[in-house]
Amino acid sequence: MKTVQQFLAAALSLLILTSCGAKSKNQTSDDGVVITAAGATFPLPYYNLAFKTYQQNAANDVTYGGVGSGGGIRSLKDKVVDFGGTDAYLSDKELANMPGAVLHIPTCMGAVVLAYNLAGVDQLNLNAIALEGIYQGTITSWDDPQIAALNPSVTLPKLAITPVYRSDGSGTTYVFSDYMSKASTVWAANKGTGKSLKWDFGVAAKGNPGVAGIIKQTPGAIGYIGSEYAFAVKIPSASLQNPKGEFVAATTATISAAANGAHAADSRQMITNSPAEGAYPISCFTWIILYKEQAYASREKNQAVQTLSLLKWMLSAEAQALTTKVHYAPLPTNVIEVATKNLDTVSFNGETL
Amino acid sequence: MKDLLFKKALFTASLLLLLIGAGMVYTLFDGALPAFDAFGFFKFIGSTAWDPHPDREAYGALPFIVGTLFTAFLALLIAIPFALPVALFTGVYYRGTKAAHIIGAIVDLLAGIPSIVYGLWGFYTLRPWIIESGFSTGGFGIFTSAVVLAIMIIPYASSLSAEFLSMVPNDLKEGAYSLGATRLDMIQQVVFPFAGSGIFASFILALGRALGETMAVTMLIGNTNNLPLSLTATGNTMASVIANQFGEADGLKLSALIAIAFLLFILTALINLAGKFIIKRFNQ
């Protein structure tokens, strides 16, 4: 573990060095700083666009290394970044293990969709119980009465179902299994929630592209994919039944709708199986994590001020409008209010910024 | 003085490499300890469990060890009927001719192609063929991986074998001819007995390469954590499970993956040592 940390620290310092080199070339103002961050790869396309847009108007440079949520948390723990990115919020135990108080700031929303390959079927309704049957091997054909009951207006073929899952550990699996565990007690007992699970049926593939590739090539296949990827490649996906009983297709609007209603004061909240109206049930946040007390690792005060200004901008209407351009969903206003309130508590040597 | 410095530089470089090797073994073993502690060394090797559920976390390496040995030996079996004729062609029948040079060069070229290229070819060309042939429905699995592995190891086996074949002394061959032997007789009676252990060793070394191959296998084996018991079964090899899972792994799971890496290290080291040992005896 220690060597991994040292390697990460070395890699990040290299990143900082190279970004410093780039800075000297196109620096426009003297009070600009280099803001360094690392973490989750899921929001990477959005962060790339957002940080690029930010840099056009601000003097600061932002570098974000897509090293995975685990790497983002480790980097913040090692105090080698200004903020980290993570798809799973820190548990109470993980928070206690951090060297200082950590704030969670949601930045955008995404979802996990169930993509399928059924020629001639444009509209497919599914619920958690059907998905549980498909992934546990008790529902093996598309004309199974359980699926037919959810799709009275569709003629489903007599075709074997090939469930596809992620072979690599991933946040997508985590969000999908978090939803399944909430909506199906059988799933909660047999598989539970995690970045990788014990699978007994189906085919495995690496990454969203791997899963999507197998689904496209295999008639009768179904698998879970990150919405940002599914929307980009325009692969058909199922409407899912939410706790209100509605069958909801995943769109940026229905994903945002999942965050309507009560929002946790520290933003640490999974919104899968959301009871909100019109909510797509496998929606999720992605967070930026930072220390509440910004005076650490001999940082300058200006560094903290600029980091905070970037994060506040991330919650602005301008930044949120960028989310849908790269197939993510914007945060609803109630979430932005909570996040802004949390950002206002950030301090430097005890003095609020 | 200069000579002494040169000698010291050589010594330091060699020692450093030795230390790096030893350091790798140590870090692998150190990282693997929590998994060996939690499950027991032999239980870990013999268990088929792979359940990351936090309440009943359990990991075992057996499906991956079986997957590794199954694909590697199957690949070797497929490779022999191709590698041996190529070796005989370039090393005995047409030794020194233009045709032998060209074929030798092309086969050696196969060895230089990156693993990911083989993987892509396997994924987009071989897999559809296997599906069309009706051999398996998904096209992924042990057999598909073994075919691609076989193509990857043929150049290793054949060029080393050809080397050993061409080391057979001409006196012996001419002696056989003068006794009225045909080429086939000569190969059976003289070349094989003389070069046999060398050829065997070159196949062992090729096997060692098949054991550790990662990228192409990861793309083709199906990446399921079950014990593969048939040619069409999907599975995982020791290398592919590490490639798949290390990204988001932590705690006991990370340790289990490092333990698999440690076992793979030992396995390939043993295979290579065996090959080197046989070659050494051959050279005496």
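The numbers here are math on the coordinates, done by the rules we state, and not lab data. Not measured: the values here are computed from a predicted model. Reconstructed Cβ throughout: ideal geometry from the backbone, glycine too, with neighbour counts over all protein chains shown.
Data overview
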quantity: Farthest toward positive dipole pole in the protein assembly as shown [+1 Lys/Arg, -1 Asp/Glu at C-beta], among A:Q56, A:A264, A:T185; calculated: A:Q56
quantity: Residue range of chain A that is longest and free of trypsin sites (Lys or Arg not before Pro) which are both DSSP loop and sparsely packed (at most 10 other C-beta within 10 Å); calculated: A:1-157
quantity: Cα-only Debye scattering, segment B:117-167: base-10 log of I(q)/I(0) at q = 0.13, 0.14, 0.22 Å⁻¹; calculated: -0.40, -0.45, -0.74
quantity: Span-rule helices in chain B, defined as complete DSSP H runs reaching 15 Å or more along the axis (Cα) with Kyte mean at least 1.0; calculated: B:2-39, B:62-88, B:98-112, B:142-166, B:192-212, B:251-283
quantity: Value of relative contact order over chain A, rounded to a whole percent, pairs C-alpha under 8 Å and six or more apart; calculated: 22
quantity: Whole-angstrom Cα spans of segment B:59-283 along principal axes, big to small; calculated: 68, 40, 28
quantity: Mean projected area in nm² (Cα convex hull; one quarter of hull surface) for segment B:194-284; calculated: 7.2
quantity: Inter-label distance, nm, simple model (7 Å from Cα along the C-beta direction), A:T352/A:F201; calculated: 5.5
quantity: Cα→Cβ-extended label distance, 7 Å offset, between A:A262 and B:A13, nm; calculated: 6.9
quantity: Antiparallel bridges, percent of DSSP beta bridges restricted to chain A (to nearest 5); calculated: 55
quantity: Residue among B:S230, B:T68, B:A181 farthest towards the positive dipole end of segment B:59-283, charges placed on Cβ; calculated: B:A181
quantity: Low-density loop positions, GluC sites (Glu not before Pro), segment A:209-302 - DSSP coil, at most 14 other Cβ in 10 Å; calculated: A:E277, A:E300
quantity: Nearest 10 degrees, 0 to 90: helix A:207-217 Cα axis against chain A principal axis; calculated: 30
quantity: Helix-only [θ]222 nm of the protein assembly as shown, DSSP H runs n ≥ 4, -39500 (n - 2.57) each, per residue, nearest 500; calculated: -17500 deg cm²/dmol
quantity: If the convex hull is drawn through the Cα atoms of segment A:112-283, its volume per residue in Å³; calculated: 109
quantity: Rg and Dmax [Cα atoms of segment B:59-166; Å; Rg one decimal, Dmax integer]; calculated: 16.0, 55
quantity: Rounded Å value of the spacing that divides the Cα centres of segment B:95-173 and segment B:181-256; calculated: 13
quantity: Nearest-20 debye value, the protein assembly as shown charge dipole, Cβ charges on Lys, Arg, Asp, Glu; calculated: 1360
quantity: DSSP-defined antiparallel bridges as percent of all bridges, the protein assembly as shown, nearest 5; calculated: 60
quantity: Percent antiparallel among DSSP beta bridges (both partners in segment A:112-283, rounded to 5); calculated: 55
quantity: Relative contact order (percent, whole number), chain B, Cα cutoff 8 Å, 6+ residue spacing; calculated: 27
quantity: Candidates B:N236, B:N244, B:N225, ranked by Gaussian network fluctuation over chain B, Cα under 10 Å, top entry; calculated: B:N244
quantity: Percent of Cα-Cα distances greater than 33 Å, calculated over the protein assembly as shown; calculated: 56
quantity: Where only C-alpha atoms are counted, convex hull volume of segment A:52-127 per residue in Å³; calculated: 183
quantity: Equivalent-ellipsoid semi-axes of chain A, from the Cα gyration tensor, Å, largest first; calculated: 39, 20, 19
quantity: Selection from A:P236, A:L353, A:G137 lying farthest towards where the dipole of chain A points positive, charges on Cβ; calculated: A:G137
quantity: In degrees, nearest ten, helix A:44-57 long axis to first principal axis of chain A (Cα); calculated: 40
quantity: For segment A:247-332, the spread of Cα positions along each principal axis, largest first, Å; calculated: 52, 26, 16
quantity: For peptides B:21-29, B:121-129, sequence by mean Cβ density within 10 Å, most packed first; calculated: B:121-129, B:21-29
quantity: 0 to 90° range, to nearest 10: angle between helix A:333-343 axis and chain A longest Cα axis; calculated: 30
quantity: Rel. contact order, % - alpha carbon contacts under 8 angstrom, at least six apart, segment B:157-284; calculated: 27
quantity: Electrostatic dipole magnitude of segment A:112-283 [Cβ: Lys, Arg +1; Asp, Glu -1; Cα centre; debye, to 20]; calculated: 320
quantity: Radius of gyration and maximum dimension Dmax of segment A:68-107, Cα, Å; calculated: 9.3, 24
quantity: More than 14 angstrom apart: percent of Cα pairs within segment B:25-100; calculated: 74
quantity: Debye, to nearest 20: dipole size of segment B:59-283, +1 on Lys, Arg Cβ, -1 on Asp, Glu Cβ; calculated: 280
